[in-house]
1. Touching a helix residue (DSSP H, G or I) at 6+ places or on another chain (Cβ under 6 Å) and assigned by TED's automatic domain parsing to the domain that holds A:Gly85: which single residue out of A:Arg191, A:Arg234 fits that description?
2. Among the residues of segment B:91-116, write down those that are over 24 Å from B:Gln24 (Cβ atoms) and either among the hydrophobic types (A, V, I, L, M, F, W, C) or not in a strand (DSSP E or B) (or both).
3. Can you work out which of the residues in segment B:68-81 that are assigned to a helix (DSSP H, G or I) and without any contact (Cβ under 8 Å) to a residue 60 or more places away in the chain is farthest from the other protein chains (Cβ to nearest Cβ)?
4. Give the residues of segment A:138-169 that are in a helix (DSSP H, G or I) and either without any contact (Cβ under 8 Å) to a residue 24 or more places away in the chain or away from every other protein chain (no Cβ under 14 Å) (or both), sorted by residue number.
5. For residues in segment B:25-67 being assigned to a strand (DSSP E or B), of a type in the set (A, V, I, L, M, F, W, C) and more than 9 Å from chain A (Cβ to nearest Cβ), which is surrounded by the fewest Cβ atoms within 10 Å (Cβ to Cβ)?
6. Filter segment A:271-306 down to the residues that are closer than 19 Å to A:Ala229 by Cβ, of a type in the set (Val, Ile, Thr) and in a helix (DSSP H, G or I) and list them by number.
7. Restricting attention to segment A:170-203, which residues are within 14 Å of chain B (Cβ to nearest Cβ), charged (D, E, K, R) and either in contact with a His (Cβ under 6 Å, 6 or more places away or on another chain) or touching a residue at least 24 places away in the same chain (Cβ under 8 Å) (or both)?
8. Residue by residue through segment A:44-89, note down the ones that are of a type in the set (S, T, N, Q) and touching an Asp or Glu at 6+ places or on another chain (Cβ under 7 Å).
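The values are calculated or read from the model by the stated rules, or taken from the named source; none is laboratory data. Computed from a prediction, not measured in an experiment: that's the story for all the values here. Here the Cβ positions follow ideal geometry from the backbone for every residue, glycine too, while neighbour counts run over all protein chains shown.
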Amino acid sequence: MSEAADLLDPEARDRPPDNQLIDLDALYRESGICGMLAGMDRELVGLTPVKTRIREIAALLLVERARRSIGFKAEPPSLHMCFTGNPGTGKTSVARRMAGLLHGLGYIRRDHVVGVTRDDLVGQYIGHTAPKTKEVLKRAMGGVLFIDEAYYLYRPENERDYGQEAIEILLQVMEDNRDDLVVILAGYRDRMEVFFRSNPGMASRIAHHVDFPDYEADELLEIARLMTADMQYRLEPEAERAMADYILRRMAQPRFANARSIRNALDRARLRQANRLFEARGSAIGATDLLTIAEEDIRRSRVFTQ
Amino acid sequence: MRLTQGQFSFLPDLTDGEITRQVQYALDQGWAVAVEFTDDPHPRNSYWTMWGNPMFDLRDAKGVMMEIDACRAAHPDQYVKVLAFDSSHGFETVRMSYLINRPAEEPGFELLRSEGPGRRIGYTVRSYATGRPSGERYGGETRHGT
């Protein structure tokens, strides 16, 4: 800014000197987000665009905090988000992480997520919706409100639907209580687009639209590995190959739900493993038998016979 | 006459920031916070009108503050108090209670003496405000039925 502009700007005098030094790295370390971002990289497979966006948001909030620490004006940014993507692409898991991250950065006061759907917000008769929505908003205050399948809030086929009322209350609170509440909407991409087209007010109040891509086959295998490790099981090398086969076949079939399908497949593999062990109960079994998922546990899936 | 009832009543009126911190303390203890109001300031009047249900499932004070603001906006010239109810076994009672709103003018109380048999004196107090019907007691003549 030039000298003349400085004189014209009445706030320039109250502004802190421009030559102050800030240790961003120290702020980064003490906020604890370093560990959270690393954990996210470790436990969430793929999802590059999502991770990039989260990193950007983290950087924004960190710089915001640095600005505030030396007395610059720091408007809290609007952090309402919309997560779109196919089923099982990790929208809910990321929303849960988001609360921890925003809490670590001091943007929200409490590390909690209140997950709701249309039923929790929209009432059944006149005058029922407003108190119901307000109740949920009160409960979510200070944290993250996660609205799953948000497009159900708006039912264009019924013009007397109470969903519109819930949307209006939501918009009001999203605008007025920006530093008390972060709203995350989630849903399938095409239907969310329809929802936003009919609710432009909602679309314009959401700063971050994050798209969750479908997983690739190798990412799904990685997810399967993480899940089995999480459940304290082990995939034999042959079983892992069978799993890779399974994933390719399952992806081609209808109603494939990404990571959720993998979880279901593993649950059924556990079932078959338990059955196999139970049937062979004449002989003693060791701890490794209880841990291991064999190739046949996966190969006997219906996916391979179809 | 300034009404002194409940906690903090001999201190200056709590600011919104102070109320928030008190409410947050109660929520952190796991107590349910409720808002109540009345225009009958008699100390034995324990049945104040409830402003909504007690809030059992909140974690952050902001939710309570929204209700407090709504109640104060609806009843600016009545007494409003915040209660914190502890449901844990052995307590099951109100652990905190303090005024957060009072009318601009508080006329105070009258001491009535009634002489009984044998020159025995019975004493009673009565608020000057309760001489008028409920809803008109604190300059709120236009506000019937609130």
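1. So the residue among A:Arg191, A:Arg234 that is touching a helix residue (DSSP H, G or I) at 6+ places or on another chain (Cβ under 6 Å) and assigned by TED's automatic domain parsing to the domain that holds A:Gly85 is A:Arg191.
2. Within segment B:91-116, B:Pro103, B:Ala104, B:Glu105, B:Glu106, B:Pro107, B:Gly108, B:Phe109, B:Leu111, B:Leu112, B:Gly116 meet the criteria.
3. Only one residue tops the list, namely B:Arg72.
4. A:Lys138, A:Ala150, A:Tyr151, A:Tyr152, A:Leu153, A:Gly163, A:Gln164, A:Glu165, A:Ala166, A:Ile167, A:Glu168
5. B:Met50
6. Hits for segment A:271-306 are A:Thr288, A:Ile298.
7. Residues satisfying the conditions are A:Arg178, A:Asp179, A:Asp180.
8. A:Thr84, A:Asn86, A:Thr89
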